[in-house]
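Below is one structure; the comments refer to it alone.
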Amino acid sequence: MKLPIICPSCEAELKVQSLHCDSCQTNINGSFELPVFLKLDLKEQNFIMDFVQTSGSLKVMAQQLNMSYPTVRNMLDDLINKIEKLKNTKS
């Protein structure tokens with residue numbers, strides 16, 4: 001199940017309030033921002049994982065995804081733009 005990042009009631013961005021260690025039962029409470037990576041949808045997260053696993057080779061990714069190099073390059077550019085917007089958004 002994907003971690004929810006948007007409030008189902010008001011559609012505001014959710015924050016992490018509590019963390020728990022199953023090993024020693026420590027609880028940490030506060031208000032923590034979600035990392036940018038978790039704010040991306042699953043398809044975008046998978047694209048990043050594929051990018052890292054191919055050592056950043058868009059040529060190899062294009063072959064694996066059965067897409068043209070320019071299409072994969074455009075996907076990367078779109079993802080870069082989205083990440084920049086997420087980083088610059090103040091919640």
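Relative to the longest principal axis of the C-alpha atoms of the chain, give the angle of the C-alpha long axis of helix 42-53, reported between 0 and 90° and rounded to the nearest 10°.
Roughly 60 degrees, rounded to the nearest 10.
Hey, can you grab everything whose amide H is under 5 Å from the amide H of Leu34? Only 5+ residues off in sequence or another chain; H modelled, so Pro and N-termini drop out.
Long-range HN contacts for Leu34: Val16.
Across region 35-88, what fraction of all alpha-carbon pairs, as a whole percent, falls in each successive 5 Å bin from zero upward?
P(r) for region 35-88, in whole percents per bin: 5, 20, 30, 25, 14, 6, 1.
Charges only on Cβ, +1 for Lys and Arg, -1 for Asp and Glu: so what's the dipole of the chain about the Cα centre, in debye to the nearest 20?
In debye, rounded to 20, the chain gives about 160.
What is the local net charge at Leu42, summed over the other residues whose Cβ is closer than 15 Å to its Cβ (Lys, Arg +1; Asp, Glu -1)?
Computed value for this residue: +1.
Kirkwood-based Rg over Rh for the chain (C-alpha set), two decimals?
1.09
When we measure straight from the Cα of Lys39, which lysines land under 25 angstrom away, once same-chain ones fewer than 8 places off are left out?
Cross-link targets: Lys2, Lys15, Lys82, Lys85, Lys87, Lys90.
Extension gain Cys21-Thr71, at 0.36 nm per residue separation less the Cα-Cα distance, in nm?
Here the segment from Cys21 to Thr71 would lengthen by 13.8 nm.
Specify the inter-centroid distance of region 20-91 and region 1-16, based on alpha-carbon positions, in whole Å.
The two parts, judged by their Cα centres, are 18 Å apart.
Using the Karplus curve 6.51 cos²θ - 1.76 cosθ + 1.60 with θ = phi - 60°, what ³J(HN,Hα) values do you get for each residue of region 54-65, in whole Hz, with x for Gly and Pro?
The phi angles translate into 9, 6, x, 8, 5, 5, 5, 4, 4, 5, 5, 8 Hz.
When you count, for each residue, the other Cβ atoms within 10 Å and take the mean per peptide, how do 71-78, 30-37, 51-58 rank with the highest first?
Ranked by mean Cβ neighbours within 10 Å, highest first: 71-78, 51-58, 30-37.
Read-outs throughout are calculated quantities, based only on the coordinates presented, and are distinct from any laboratory measurement. Computed from a predicted structure; not experimentally measured. Note: ideal-geometry Cβ built from the backbone for every residue, glycine included; neighbour counts use all protein chains shown.
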